[in-house]
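Inspection log for the structure reproduced underneath, given as structure tokens.
The values are calculated or read from the model by the stated rules, or taken from the named source; none is laboratory data. Model, not experiment: these values are computed from the prediction. Don't worry about glycine lacking a Cβ; one is built from the backbone with ideal geometry, like all the others, and counts go over all protein chains shown.
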Amino acid sequence: MSESLPNSHFGAHAAIEDPRNASIKIYVNGDLVPRHEARVSVYDSGFMLGDGVWEGLRLYNGKFLFEDMHLDRLLAGAKALDIDIGKSKRELAEAMQKTVAANGMSDGVHVRLMVTRGPKRTPFQDPRLSDQGPTIVIIAEHKVASPVPATNGIRMFTVHVQRGNPTVQDPKLNSHSKLNCITAMIQSYKAGCDEALMLDPQGFVNTGNSVNFFIVKGGEVWTSTGDYCMPGVTRAKVIELCEQNGIAVRQKNFSLHDAYSADEAFVTGTFGGQIPVVEIDGRTIGDGRPGEMLGRIRSLYRDMIDSECPPDAG
């Protein structure tokens, strides 16, 4: 029997349970249906092969944070996979707004927008067998981050699973096929940690399995070159905030030696924002508590959210 865990155990993605999510309406190919009735075909290419792309977005004060960046990434991924979504960026944005409106949502919401190549005529890999058009699903949930990870920090474990070369599967592609990251996640929680730390093919520190990774050394903020990690929207915004506020930020190769001896470490993601890392492979990072640099970045990021999604936007 699989272990049942509360949301508070899910590391950087820990959320406060909300009973309202039991009765949400889900967008399925233009229809809004009750959660227990939301279905896709067993012939769907996403179910059969992980053939699709997705995005996760936060809703604040009736507005999706960094909506353009997220939808541009989705459309770029669909183009790379040669999936015809059949909707423009504006139409996708309207579909998301339709979904949150149907659920009476305006704040404290996380949305998952998923697009697959659609149902196949028969169970084979050939994408040309998906000739009925795409499947589009939008799940909007009442979801507020648990304060525990931001307060206590998370522990990371360096796994043997690498972020691969783009000639195998481009790690920048936010596809439904996540086995590489799932395998990394399994190894990390079997080791008693919250998130996997993944290296690139040259052995340099790259990213987490579901978040981007940063360290702080000597007053500078370091992150990977970006060659093998997901082009995270929150990652990009942290880099932008550093550049705008006189914080030295470097995208560079660095090793586990650098990470272990860092003054601070943290991860970034759409849901959790910026979460401190207090331990890597059993080594305490800094003094084992959220650091001053992270506190400054989190404050700047909150100001950015308020600017992008002001209270009167809803």
Candidate set: the range 234-272, residues that are within 26 Å of VAL168 (Cα to Cα) and basic (Lys, Arg); chosen: the one surrounded by the most Cβ atoms within 10 Å (Cβ to Cβ): ARG235
Test: PRO231 is outside the structural domain of GLY50 (by TED's automatic domain parsing), out of contact with any Leu (no Cβ under 9 Å at 6 or more places or on another chain) and surrounded by 15 or more Cβ atoms within 10 Å (Cβ to Cβ): yes
Unmet requirement for PRO231, which otherwise passes all of (1) farther than 18 Å from THR270 by Cβ; (2) out of contact with any strand residue (DSSP E or B) (no Cβ under 8 Å at 6 or more places or on another chain); (3) part of a loop (DSSP other than H, G, I, E, B): (1)
Criterion violated by THR207 - all others in (1) farther than 21 Å from GLN274 by Cβ; (2) touching a Ser or Thr at 6+ places or on another chain (Cβ under 8 Å) satisfied: (1)
Condition check for ASP131: of a type in the set (Asp, Glu) and within 18 Å of CYS309 (Cα to Cα): no
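Out of GLN202, GLN162, GLN169, GLN187, which single residue is touching a Ser or Thr at 6+ places or on another chain (Cβ under 8 Å), of a type in the set (S, T, N, Q) and either assigned by TED's automatic domain parsing to the domain that holds MET230 or surrounded by fewer than 15 Cβ atoms within 10 Å (Cβ to Cβ) (or both)?
Numbers: GLN202 fails: touching a Ser or Thr at 6+ places or on another chain (Cβ under 8 Å); GLN162 fails: touching a Ser or Thr at 6+ places or on another chain (Cβ under 8 Å); GLN187 fails: touching a Ser or Thr at 6+ places or on another chain (Cβ under 8 Å).
Result of the check over GLN202, GLN162, GLN169, GLN187: GLN169.
Which one of ILE239, ILE275, ILE280 is among the β-branched types (Val, Ile, Thr) and free of Cβ contacts under 8 Å to residues at least 40 places away in the same chain? Step through it out loud before you land on a result.
On the way: ILE275 fails: free of Cβ contacts under 8 Å to residues at least 40 places away in the same chain; ILE280 fails: free of Cβ contacts under 8 Å to residues at least 40 places away in the same chain.
Unique residue meeting the criteria: ILE239.
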Test: residue in the range 140-150 that is among the hydroxyl-bearing types (Ser, Thr, Tyr), farther than 23 Å from VAL267 by Cβ and assigned to a loop (DSSP other than H, G, I, E, B): no
Candidate set: the range 282-314, residues that are among the basic types (Lys, Arg) and assigned to a helix (DSSP H, G or I); chosen: the one surrounded by the fewest Cβ atoms within 10 Å (Cβ to Cβ): ARG302
Condition check for VAL115: more than 15 Å from TYR228 (Cβ to Cβ) and outside any loop (DSSP other than H, G, I, E, B): yes
Test: ALA14 is within 20 Å of the chain's Cα centre (by Cα) and under 30 Å from ILE305 (Cα atoms): yes
Test for GLU279: is it farther than 24 Å from GLY164 by Cβ and either of a type in the set (S, T, N, Q) or surrounded by 17 or more Cβ atoms within 10 Å (Cβ to Cβ) (or both): yes
Single condition VAL249 does not satisfy, out of (1) more than 18 Å from ALA196 (Cβ to Cβ); (2) of a type in the set (Val, Ile, Thr); (3) under 21 Å from the mean Cα position of the chain (by Cα): (3)
Subset of the range 29-65 (residues that are under 21 Å from the mean Cα position of the chain (by Cα), over 11 Å from PRO119 (Cβ atoms) and not in a loop (DSSP other than H, G, I, E, B)): LEU49, GLY52, VAL53, TRP54, GLU55, GLY56, LEU57, ARG58, LEU59, TYR60, LYS63, PHE64
Failed condition for PRO6, given (1) loosely packed, with under 13 Cβ neighbours inside 10 Å; (2) at pLDDT 95 or above: (2)
Filter result for VAL144 (in contact with a helix residue (DSSP H, G or I) (Cβ under 7 Å, 6 or more places away or on another chain) and either within 23 Å of ALA14 (Cα to Cα) or of a type in the set (Gly, Ala, Ser) (or both)): no
